[in-house]
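Every read-out reported here was derived from the displayed coordinates using simple, explicitly stated rules and does not represent laboratory data. Because the structure is predicted, anything quoted here is derived from the model rather than measured. Note that we place each Cβ from the backbone using ideal geometry, even for glycine, and neighbour counts take in every protein chain shown.
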Amino acid sequence: MRCKEAAQHLQLYIDNRLTLEQTRALEAHIASCAACVEELTLLEKVASNLQTFKVVAEPEDLNEQIMRRVAMAASQRSAPAPRYSLLRPSLLEILVAVLLATIATLGSILQQPSLRALLPFVKGNGTLSLWVSASP
Ligand SMILES: [Zn+2]
């Protein structure tokens, strides 16, 4: 047996999948070949190390943990949103602002007789024009 053939049989030898004849031939080669003994020792070490690996059991609430973390990540992502709502006034706030601006403009116009004369509704005898004339 040559080293190349022996190397192909080493793993099968460790796994006990060689025939009696193959096993004898390999053992005869190994007995006289230091390189293949080294190779066999290495493969046996790897095999024994693999056997000591333990299967890690997943925790029973793994699904729950994942969902909780997903929810946390999602809420952290949506958290900064309220910061911008300060800059975004609601419809009511806009209406109040417009109303106040209109009252202020109207008030300053009505304070000045020259501007008041330009307003069409002041010229008649309506209740509004009377109220406007009565005001200082
Ligand atoms: Zn050899």
Order of 45, 54 under a 10 Å beta carbon neighbour criterion, fewest first: 54, 45
Find how much the distance from residue 11 to residue 106 grows on full extension, using 0.36 nm per residue of separation minus their present alpha carbon separation; answer in nm with one decimal. 24.3 nm
Cβ-based exposure ranking for 9, 29, in which fewest neighbours within 10 Å come first: 29, 9
What is the extension gain from residue 64 to residue 3, computed as 0.36 nm multiplied by their sequence separation minus the C-alpha to C-alpha distance, in nm to one decimal? 16.5 nm
